[in-house]
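Comments concern the structure below.
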Amino acid sequence: MDKFDLITLMRTSRPRQWNTWRSEHTDVGLDLSGQDLSGAHFGEFDLSYINFNGTDLSGADINHGSLNSAQLVGANLRGANLAGADLGGTDCRNACLAECDMRGADLSHTNLEDADLSDADLMGAYLEETNISPAQLAKARPRFDNL
């Protein structure tokens, strides 16, 4: 499936339709690197293991979705809604996560090396074994004590 067809399928599907398609096509490698998906509505979608390297997901709604083990190196997620999302094992090196709502998100085992977390809301986020620096946490909001 080419990128255009995949993006069309994603944008026209409801979460249950998309997740069923994903479970029926586990052999399909999904590469959406470098695409413009800004403002997309993927709440509750299973986006695990997809290559989003360099993709523009700014302002996207991915609340309660799964990005488990996805590749987001250099991706732009500025202002995205990731509340309650599963980002466990995700590679977010050099990604822009500024102003993201990540309340209650699972960031366990996530690589946030050199990611921009300016004004990101990490309240209640699960950060076990997350590669994140104290300087990055200092830029996030609110200043919390759940580490």
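FYI, it's all coordinate maths here, none of it is from the lab. All of these numbers come straight from a predicted model, not from anything done at the bench. Methodologically, a virtual Cβ is constructed for each residue, glycine included, from the backbone with ideal geometry; neighbour enumeration extends over all protein chains shown.
Which whole-number percent is the relative contact order of the chain (Cα, under 8 Å, 6+ apart)?
14
How big is the chain by the Kirkwood estimate over distinct Cα pairs, in Å?
For the chain, the Kirkwood estimate is 14.9 Å.
What residue among ALA125, ALA135, ALA105 shows peak mean-square fluctuation when the chain is described by a Gaussian network model with Cα springs under 10 Å?
Fluctuation is largest for ALA135.
So, in nm, how far is label ASP27 from label ALA135 when the simple model puts each one 7 Å beyond its Cα toward the Cβ?
Reported label-point gap for ASP27 and ALA135 is 4.7 nm.
To the nearest 10 degrees, how steep is helix 15-24 against the longest Cα principal axis of the chain, on a 0 to 90 scale?
Roughly 70 degrees, rounded to the nearest 10.
In degrees, nearest 10, range 0 to 90: what is the angle between the Cα axis of helix 3-12 and the longest Cα principal axis of the chain?
The answer is roughly 80 degrees.
Based on the mean of other beta carbon atoms within 10 Å per residue, what is the order of 84-97, 12-25, most packed first?
Output ranking for 84-97, 12-25: 84-97, 12-25.
For the chain, give me the percentage of DSSP beta bridges that are antiparallel, rounded to the nearest 5 percent.
Antiparallel: roughly 0 percent of the beta bridges in the chain.
If R0 is 41 Å, what FRET efficiency do you get for GLU128 and ARG14 from their C-beta distance, rounded to 0.05?
Here the calculated transfer efficiency is 0.80.
With charges set only on the Cβ (+1 for Lys and Arg, -1 for Asp and Glu), what does the dipole of the chain come to about its Cα centre, in debye to the nearest 20?
280
Gain in length, SER69 to ASP5, computed as 0.36 nm per residue apart minus the alpha-carbon separation, to one decimal in nm? Before the final figure, lay out the partial values.
Numbers: separation 64, 0.36 × 64 = 23.04 nm, distance 2.27 nm.
Stretched fully, the SER69-ASP5 segment lengthens by 20.8 nm.
From the backbone phi of the stretch 64-73, what are the Karplus-calculated ³J(HN,Hα) couplings (6.51 cos²θ - 1.76 cosθ + 1.60, θ = phi - 60°) in whole Hz, Gly and Pro given as x?
Per-residue couplings from phi come out as 6, x, 10, 10, 3, 6, 6, 9, 10, 5 Hz.
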